[in-house]
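Worksheet: one structure, shown below.
Where a number appears in this text, it was derived from the coordinates with a stated rule and is not lab data. Bear in mind the structure is a predicted one, so any value in this text is a computation, not a measurement. Counting neighbours? That spans all protein chains shown, and the Cβs are built from the backbone with ideal geometry, glycine included.
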Amino acid sequence: MLPIKSVIPPLFPEGPKTDYAHPKCYLGETNDCSRKLSKEHYISKSVLRSIRGGLQVSGGFWPAATSKEVSAENLVSKILCTRHNRALCPLDAVAGELFEAVAKVYDDFKAAQARLGTHCIFVAT
């Protein structure tokens, strides 16, 4: 079993409050924004990278019935100011650790299942 080593750190921006709400920052309501936006992933980059087999996206700027394979680097938009983006970076790292641990458990389960040649049933009590 993989130990989760990280503790989620405080997610508040460092330094004194700016009393500025960037109109395009998702966290603008906090009135603690910087004046510049940065590209941020819609879903944590570390989580996206843990998905195996590529990413298929539908419902973008192309016909709804089609899907496209995209890279994690392309699933970004200017949705956070640089101040909030920096503050949320530690959360991204912890999310990546969690999803890697889940993927490892899944791989171990598949390997055990292949060795046993049977299906396992889990019952919660």
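Points worth noting:
- The simple Förster model, with R0 at 30 Å and r as the Cβ-Cβ distance, assigns GLN113 and VAL57 a FRET efficiency of 0.50.
- Excluding same-chain neighbours fewer than eight residues apart, the lysines reachable from LYS36 by a Cα-Cα span under 19 Å are LYS17, LYS24, LYS78.
- Between 0 and 90°, nearest 10: helix 82-116 axis offset from the chain longest Cα axis: 0 degrees
- Sorted fewest first by neighbouring Cβ atoms within 10 angstrom, PHE61, PHE109 come out as PHE61, PHE109.
- Residue with peak Gaussian network fluctuation, the chain [Cα springs, cutoff 10 Å], from ALA114, ALA87, ALA21: ALA114
- Burial ordering of ASP108, ASP19, ASP32, ASP92, fewest other beta-carbon atoms within 10 Å first: ASP19, ASP108, ASP92, ASP32
- In summary, the aspartates and glutamates within cross-link reach of LYS45, defined as a Cα separation below 15 angstrom excluding same-chain residues under 8 places away, comprise GLU73, ASP92, GLU97, GLU100.
- Charge dipole magnitude, Cβ of K and R +1, D and E -1 - the chain, Cα centre, debye nearest 20: 240 debye
- Directionally averaged projected area (the chain, Cα convex hull): 12.1 nm².
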